[in-house]
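J.: Got a structure for you, questions after.
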Amino acid sequence: QVQLVESGGGLVQPGGSLRLSCAASGIIFSINAMGWYRQAPGKQRELVASISSGGNTNYGDSVKGRFTISRDNAKNTVYLQMNSLKPEDTAVYYCNRGYFRNSVFVPTGSWGQGTQVTVSS
């Protein structure tokens, strides 16, 4: 059974940092591309960052230079380091596995519970 469990969210002040983790089980993690998404209230889910099985990364324009995606295949975990957080980063953050088609990340798994990130003073 495939499981993706997100953690690390919380309440942080503007300008602060958080590191999210996504632990995977039930898949051969190392061969999967992985992506982080977020969904703010009343908005569609959007792709924040993605990483290939080989470690190549892509970022949404709104987070470039502030967020870093990484993976540890030995721990079956993908991370999202978020720095210089802004109120508009407030959302539920989800991870998913997938693949790249024409350089675009395509999610293929089920969505987990996500982890809430709230940026507020």
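The values are calculated or read from the model by the stated rules, or taken from the named source; none is laboratory data. On a predicted model such as this, the values are computed, not experimentally measured, just so you know. Cβ atoms come from the backbone with ideal geometry, glycine included; neighbour counts cover every protein chain shown. SASA here: full protein model, heavy atoms, side chains in, ligands and nucleic acids out. Shrake-Rupley method; radii C 1.70, N 1.55, O 1.52, S 1.80 Å.
J.: Among the residues of the range 1-46, which ones are over 20 Å from ARG101 (Cβ atoms), among the charged types (D, E, K, R) and within 16 Å of the chain's Cα centre (by Cα)?
T.: Hits for the range 1-46 are GLU6, ARG19, ARG38.
J.: Across the range 28-54, what is the total count of residues that are assigned to a loop (DSSP other than H, G, I, E, B) and of a type in the set (Val, Ile, Thr)?
T.: 1
J.: Return the total of residues in the range 1-47 being of a type in the set (A, V, I, L, M) and more than 10 Å from CYS95 (Cα to Cα).
T.: Residues that pass the stated criteria total 9.
J.: Go through the range 64-121 and count every residue that is open to solvent by 70 Å² or more (accessible area, probe 1.4 Å), part of a loop (DSSP other than H, G, I, E, B) and more than 24 Å from PRO41 (Cβ to Cβ).
T.: Looking only at that region, the number is 6.
J.: Output the qualifying pairs, or none if there are none: Cβ atoms under 8 angstrom, residues six or more apart or on different chains, first residue in the range 31-44 and farther than 12 Å from THR77 by Cα, second residue hydroxyl-bearing (Ser, Thr, Tyr) and in a loop (DSSP other than H, G, I, E, B).
T.: If the second residue must be hydroxyl-bearing (Ser, Thr, Tyr) and in a loop (DSSP other than H, G, I, E, B), the pairs left are ILE31/SER53; ALA40/THR90.
J.: Provide a single number: the residues in the range 27-52 that are open to solvent by 60 Å² or more (accessible area, probe 1.4 Å) and farther than 21 Å from GLY9 by Cα.
T.: The qualifying residues number 2.
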